[in-house]
1. So, in segment 26-44, exactly how many residues are touching a residue at least 60 places away in the same chain (Cβ under 8 Å) and part of a loop (DSSP other than H, G, I, E, B)?
2. State the number of residues belonging to segment 62-82 that are away from ligand 2 (no atom under 16 Å from the Cβ) and surrounded by fewer than 17 Cβ atoms within 10 Å (Cβ to Cβ).
3. Name the one entry in 268, 216, 222, 243 that is closer than 22 Å to residue 75 by Cα, without any contact (Cβ under 8 Å) to a residue 40 or more places away in the chain and either within 16 Å of ligand 4 (Cβ to nearest atom) or in contact with a helix residue (DSSP H, G or I) (Cβ under 8 Å, 6 or more places away or on another chain) (or both).
4. Name every residue in segment 210-220 that is surrounded by 14 or more Cβ atoms within 10 Å (Cβ to Cβ) and out of contact with any strand residue (DSSP E or B) (no Cβ under 6 Å at 6 or more places or on another chain), in order of residue number.
5. Those residues that are surrounded by 16 or more Cβ atoms within 10 Å (Cβ to Cβ), within 15 Å of ligand 1 (Cβ to nearest atom) and assigned to a loop (DSSP other than H, G, I, E, B), I need them from segment 247-258; list them, please.
6. Can you name the condition, by its number, that residue 176 falls short on among (1) closer than 17 Å to residue 100 by Cα; (2) in a loop (DSSP other than H, G, I, E, B); (3) in contact (Cβ under 8 Å) with a residue 60 or more places away in the chain?
7. Being away from ligand 1 (no atom under 16 Å from the Cβ) and under 19 Å from residue 36 (Cβ atoms) is the filter; apply it to segment 182-208 and report the residue that is nearest to the chain's Cα centre (by Cα).
8. Output the number of residues of segment 75-94 satisfying the condition of being touching a strand residue (DSSP E or B) at 6+ places or on another chain (Cβ under 6 Å) and within 16 Å of ligand 4 (Cβ to nearest atom).
Ligand code: AMP
Ligand code: MN
Ligand code: MN
Ligand code: MN
C-alpha cells in the first residue's frame, strides 16, 4: 500500500467542522495512511482521534498547531509527535487558551461597536468545549448575513487592520518550539508563505527558528501552487529544514482542500516523517 501523509488538519476541538472520529474516517476513505491532528492550541481531540485511528488502520501522530509571536507577527508552529501530557506544554496550552478567551471577548466588543451584537454567546455555543477561533466569528458573521462569504468576514472585519481585529501577544516562538521539542516532538513552521513576509524577514525568521530548534517547514499545503512549492522547498534546502506536507483541512464544504490530496515533496527535500519516532 502506498504511504499517504497528511500532517496538518483540524477537528471540532478547534475550528474544524468534523469531530476527531469523523475526520479520521474521512482520512481513511481518502487513502491517508499517516495523519496528524493539529488543532489550534489544544490537544483535546487527540485521544478520540487515536482511538478511531486504530479501527481504520491509520497511523495517528499526536500533533498541535501553536499560535506564536515572532517580531510582533502571529505565526503558526506545528508540533508533530508531541507528548500531550508533557507538563510545560500543558501549561503553555492553558495560557494560550486564556488568551483566546480574552481575545474573543475583545473581538465581540469591537463587533458591538459596529452594532453587531450577540457574537460572544454565539461563538461560545458553536465552539462548545473547543477553542474559539476567528473562524467561529466568521461563521457567525456569515450566518447572521453581515457578510456573504467567510472570506469577506476576514476581509471586512477580522483580518489585521480591520475593525474587529485584536492584536494578541501569543507565546514567544522560542517557547513554542521548546515545549514541542522538550515533549519529544518535531517543530514545523506552518504554511510559511501565508505570513506575507519580505524575503529578508523570512530568512531572518527561518534562521532564528532553526537556531531555536525548529526542524521542519511545510513545503506542500492543501492549496499550494507549483510555484509556492518551489519557493518553500528552496527555503527548506537553504536552512536545512525537513519538508512537511499537510492539507490544513478544516471543512468538507471547502471543495479546494481535501485530506491527503497533496502534491509530493519535491526531489531532494528530506521528509519530516523520517524524524518521527516509528
Ligand atoms: P485564529 O487562530 O483564531 O486567529 O484563527 C485563524 C484561523 O482562521 C485560521 O486557522 C484559518 O482557519 C482561518 N482563517 C484565517 N484567515 C482566513 C481567511 N482569510 N479566510 C478563511 N479563513 C481564514
Ligand atoms: Mn484554522
Ligand atoms: Mn495555521
Ligand atoms: Mn491549521
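1. Of the residues in that region, 8 qualify.
2. 3
3. 243
4. Those that are surrounded by 14 or more Cβ atoms within 10 Å (Cβ to Cβ) and out of contact with any strand residue (DSSP E or B) (no Cβ under 6 Å at 6 or more places or on another chain): 210, 212, 213.
5. 247, 248, 250, 257
6. (2)
7. Of everything passing the filter in segment 182-208, 187 is nearest to the chain's Cα centre (by Cα).
8. So the answer is 7.
Any read-out appearing in this document is the output of simple, stated calculations on the displayed coordinates, not a laboratory observation. No experiment lies behind these values; they were computed from the predicted model shown. Don't worry about glycine lacking a Cβ; one is built from the backbone with ideal geometry, like all the others, and counts go over all protein chains shown.
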